[in-house]
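Report on one structure; see the data block that follows.
The values are calculated or read from the model by the stated rules, or taken from the named source; none is laboratory data. If you're wondering where the values come from, they're calculated on a predicted model, not measured in any experiment. When we count neighbours, we look across all protein chains shown, and the Cβ atoms used for this are built from the backbone with ideal geometry, even at glycine. Ligands, DNA and RNA are stripped out before the accessible areas are found, and what is left, the full protein with its side chains, is counted by its heavy atoms. Shrake-Rupley method; radii C 1.70, N 1.55, O 1.52, S 1.80 Å.
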Amino acid sequence: KKLNYTKALESALEMHLKKNADVTSLEDIRNKTKNTWFAYYKSDEHTPVYGHWEVKWSEATGLNWSSSEGCNKDNRLEITWSEVKGALSNNAKGKWEKYDDAVQPVGNCRWVINVDDEIETDTKDRIILDKYLPTYLIIAHNRNGQMKYYYAQDEDQNIEIWAYCNPDKGDYHLKSIFIRDYSTGRFPAGRNNDKAGDTLDHNVVDLNPISNNVDVVLVIDRSGSMSGEPISNARNSAKQFIELMEYGDKAGVVSFATDARYDYQLTTLTKEEKVKEDILKKIDSIYVSGTTAIGEGLEYALNDLLKSGDPNDNWAIVLLSDGCHNSGKHPDKVIPSIKDNNTPVYTIGLGSVDEALMKHISEQTGGEYYPTPTEKELHKIYDKIAAKVRGLGTAS
């Protein structure tokens, strides 16, 4: 938000509103806020020089600060609010990068802070990290000009990490870092982290991102026991998951009753939306009858991934069923092959569920089981699954 000038201005105005409800003059505003933000100091008030309040005031308003500082609520300045906004906007357009230029996603990169690094914050004795996180190249300005750094956020530890990008300074490039712990509150309330900066003896981030695309086959139980609300929920929730998938991902649909079949074989989703539309139509056409061959459904899904999946993508199978297996190959016959190909199976119980089997399938393959959700809860479940499949841990 701080790199989007509209959001930054809104935040500044909110801060003014909280701090300045009882002010009587412009000087009151400056005095109340200068202990928090260096920009509120005048040039001769601090050594080293922190701010240039009077210069910035003149640039924004066209008025000298000395002729304005005594103004109170009863004495109006010779400037309109629209002029102030215009000056701020022109300043921003001339000096701020466009947000998409300033915040550039680079993919899922590995961040490492090991046990010997002794990185501490005010509230955490030690930060240890080794995981893939969504990473961004940030281009910003400080008083000395442009600066660049890589940024990531680990929601599990409530930390944000900045690694400075200085390719011409080998000792600091990707090694000089700053960590902010926000478990005690968001900025600015949780900003005090005096111990959070350090220079490591290794690069904290590997800028060779892993693929963020996923290849997912949805396996839908269409046996007779799924009649009514269970099959309706299965269709609706499967469509929700397809809608969550992104361009470049691959999606497929398998359904099973006495036998399994490919309703839509694994295909890359494109910007034209036609593939998504075709998959959604296929899901809507699934009807119920017959017995329950869960093993065959899982085997069809794995074979589809082996034939058409991208080995650089993250693979997963999502099984929607009541788990009442009573036909064909038992899931235990298929699970070893699924495990060998590192493909988690996420199971969602619908209807009168055999929870023991559904839990067994997910636990054996590294997935998770979600018990009999309402249709309202399904979207949150799919959010979680989509994030986990991408390797993001929790959904942002």
Matching residues, the stretch 292-340, being under 18 Å from N212 (Cα atoms), open to solvent by 10 Å² or more (accessible area, probe 1.4 Å) and either touching a strand residue (DSSP E or B) at 6+ places or on another chain (Cβ under 9 Å) or at pLDDT 95 or above (or both): S308, G309, D310, N312, D313, N314, W315
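In the stretch 206-230, how many residues are of a type in the set (A, V, I, L, M) and either modelled with pLDDT of 95 or more or open to solvent by 10 Å² or more (accessible area, probe 1.4 Å) (or both)? Outline the logic, then answer.
Just the residues of the stretch 206-230 that are of a type in the set (A, V, I, L, M), to begin with: 207, 210, 214, 216-220, 226.
Then drop every residue that is not either modelled with pLDDT of 95 or more or open to solvent by 10 Å² or more (accessible area, probe 1.4 Å) (or both), which leaves 207, 210, 217-220.
Matching residues across the stretch 206-230 total 6.
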Candidate set: the stretch 66-88, residues that are free of Cβ contacts under 8 Å to residues at least 24 places away in the same chain and assigned to a helix (DSSP H, G or I); chosen: the one most open to solvent (accessible area, probe 1.4 Å): W81
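Please find, among V23, V55, V103, the residue that is under 30 Å from L137 (Cβ atoms) and surrounded by 12 or more Cβ atoms within 10 Å (Cβ to Cβ).
Working: V23 fails: under 30 Å from L137 (Cβ atoms); V55 fails: under 30 Å from L137 (Cβ atoms).
None of the other options fit; the residue is V103.
Look at the stretch 62-118 and say how many of its residues are of a type in the set (G, A, S) and at positive phi. Walk me through it before giving the result.
Keep residues of the stretch 62-118 that are of a type in the set (G, A, S), which gives 62, 66-68, 70, 82, 86-87, 89, 92, 94, 102, 107.
This time we only want the ones that are at positive phi, so: 62, 107.
Of the residues in the stretch 62-118, 2 are of a type in the set (G, A, S) and at positive phi.
Looking at G323, G366, G295, G349, which one is among the small types (G, A, S), on the phi > 0 side of the Ramachandran plot and in contact with a Gly (Cβ under 7 Å, 6 or more places away or on another chain)?
Numbers: G366 fails: in contact with a Gly (Cβ under 7 Å, 6 or more places away or on another chain); G295 fails: on the phi > 0 side of the Ramachandran plot; G349 fails: on the phi > 0 side of the Ramachandran plot.
Every option except G323 fails the conditions.
In this structure, does K339 turn out to be over 24 Å from Y369 (Cβ atoms) and either outside any strand (DSSP E or B) or not small (G, A, S) (or both)? Spell out the reasoning first.
Numbers: over 24 Å from Y369 (Cβ atoms): no; either outside any strand (DSSP E or B) or not small (G, A, S) (or both): yes.
So K339 fails the test.
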Residue within the stretch 262-283 that is closer than 20 Å to G323 by Cβ and out of contact with any strand residue (DSSP E or B) (no Cβ under 8 Å at 6 or more places or on another chain) present: no
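For residues in the stretch 360-396 being among the β-branched types (V, I, T), modelled with pLDDT of 75 or more and over 23 Å from the mean Cα position of the chain (by Cα), which is most open to solvent (accessible area, probe 1.4 Å)?
Out of the qualifying residues, it is T365.
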Test: residue in the stretch 139-162 that is surrounded by 15 or more Cβ atoms within 10 Å (Cβ to Cβ), touching a Lys or Arg at 6+ places or on another chain (Cβ under 7 Å), modelled with pLDDT of 80 or more and aliphatic (A, V, I, L, M): yes
Selection within the stretch 241-257 - of a type outside the set (A, V, I, L, M, F, W, C) and crowded, with 16+ Cβ neighbours inside 10 Å: D249, K250, G252, S255
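Test of understanding: among K271, K281, which residue is basic (K, R), part of a helix (DSSP H, G or I) and free of Cβ contacts under 8 Å to residues at least 40 places away in the same chain?
Numbers: K271 fails: part of a helix (DSSP H, G or I).
K281 is the lone residue from the list that is basic (K, R), part of a helix (DSSP H, G or I) and free of Cβ contacts under 8 Å to residues at least 40 places away in the same chain.
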Enumeration of residues in the stretch 7-22 that are under 11 Å from T33 (Cα atoms) and touching a helix residue (DSSP H, G or I) at 6+ places or on another chain (Cβ under 8 Å): M15, H16, K19, N20
